[in-house]
1. What order, most packed first, do the peptides 118-125, 47-54 have when packing is the mean number of other Cβ atoms within 10 Å of each residue?
2. Among His181, Ala285, Asn51, which residue has its Cα positioned farthest towards the positive end of the charge dipole of the chain, with +1 placed on the Cβ of Lys and Arg, -1 on the Cβ of Asp and Glu, and the dipole taken about the Cα centre?
3. If I model a spin label as a point 7 Å beyond the Cα along the Cα-Cβ vector, how far apart are those points for Leu329 and Gln283 in nm?
4. Quickly rank 191-201, 315-325 as a protection proxy: mean count of other C-beta atoms within 10 Å, highest first.
5. Between segment 67-124 and segment 250-282, what's the alpha-carbon centroid distance in Å?
6. Within segment 93-122, name every residue whose backbone N is under 16 Å away from a label modeled 7 Å from Cα of Ala160 along the Cβ vector.
7. Give the order of Asp306, Asp238 when sorted by the count of other beta carbons within 10 angstrom, beginning with the fewest.
8. For helix 2-26, report the angle its Cα long axis makes with the longest principal axis of the Cα atoms of the chain; keep it between 0 and 90° and round to the nearest 10°.
Amino acid sequence: MKKRILAVVFCCAMIMSLLAGCGSGSSGSATGSASASGSAAATNGKTINLNMNTTTSDTSVWQVAAKKFKEEVESGTDGRYTISIYPNEQLASGDMVKGTEMVLNGSIDVDLRSSVNFTAVEPKLFAICMPWIFSGYDDVDQKIFNGGAAGELVKQLIDAKGVQVLALGENGFRQLTNNKHVVQTPADMKGLKLRSASIAAMMDTLKALGADPSPMSFSEVFTALQQGTIDGQENPTDPIRSAKLYEVQKYMTKWDYSYDCLVLSVSSKVWSSLSDADKAVFQKAAEDGCAAEVEEIRKQEQENLDFFKQQGMEITTLTSEQTDAFKALIGSVYDSYRKSVTDDVFKTFGYTFAS
């Protein structure tokens, strides 16, 4: 009887050994999320591929950050980690709202998107896109970059939602384009049907300025403008150029009404799977990538404006007096978000209420 038991135990051990051997032999290269394999797999000589999502096209300046991140991660980990970049929200079928949900639930490994996309889960982040809360790029640098308090707060608020923010990049100041007429006074905004991101504060701002905002995924904007479904849209110059919106828009108003920063993040699943050494590689790669992207996007902004003129767009740059006429209309927008954003957060961004 004992011999039979020993024979059964021996057979079971052999079967388990064979199964383990088959598992390690068939997965010398792992694709998909690192969360499935963990850092232990990397130390066993396996390659873990991470999917990286970006909102804009592969010609966008955003790709400077994405590609540098990819390059430094792959080099710094000796190829144990590889990055596959998917532009145009491909991983979310072009849907920015779905893409943000996928970032938060860990379905996307690495992500680069606008900070305002996270306002759906953290209303305090509306502070970033409030109209004219930033006076210019010097103000942005002081508040968002170089360890600025507002930038650190943005990271903390998003981290608290289960996403590991590695660095902030820049989309820039948002400008207005349309096919109806030149816009240089609030009266010119009346009745304009403008595409807006599905961000409440941005739509409320456009309404306060007299326009008729229509929420729409960015991937649908070119066709909607081409077909006349909407009159115009608002975005920084880089997305306007990379999406070729200049081909279907006649007028641009440069008014710097809302600022947009980018968030380069990894899922908490990926982050927790990394060794401390690999975390340092990912962190530095993100910071280097975003720094290069910020430098490039500012360099290209004037180049983009010159390019749009060459393509036949009429560009109007508002004077400070003209801008003040618009600013006079947005007090109610700040008041309506005072409770959800809070006075303390507004103060961190440099805005204080009169009473």
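No value in this document is a laboratory result; all are computed from the given coordinates. Small disclaimer: the values here were computed from a predicted structure and weren't measured. With ideal geometry, Cβ positions are generated from the backbone for all residues, glycine too; neighbour counts draw on all protein chains shown.
1. Values: 118-125: 19.6, 47-54: 21.9.
Averaged packing, sorted descending, gives the order 47-54, 118-125.
2. Asn51
3. The answer from the label model is 4.6 nm.
4. Values: 191-201: 20.5, 315-325: 13.2.
Top of the packing list down: 191-201, 315-325.
5. Each part's Cα centre sits 8 Å from the other's.
6. Residues 118-122 qualify, since their backbone N sits under 16 Å from the label point.
7. On the way: Asp306 11, Asp238 24.
With the fewest neighbours first, Asp306, Asp238 line up as Asp306, Asp238.
8. In the chain, helix 2-26 runs at an angle near 40 degrees to the longest axis.
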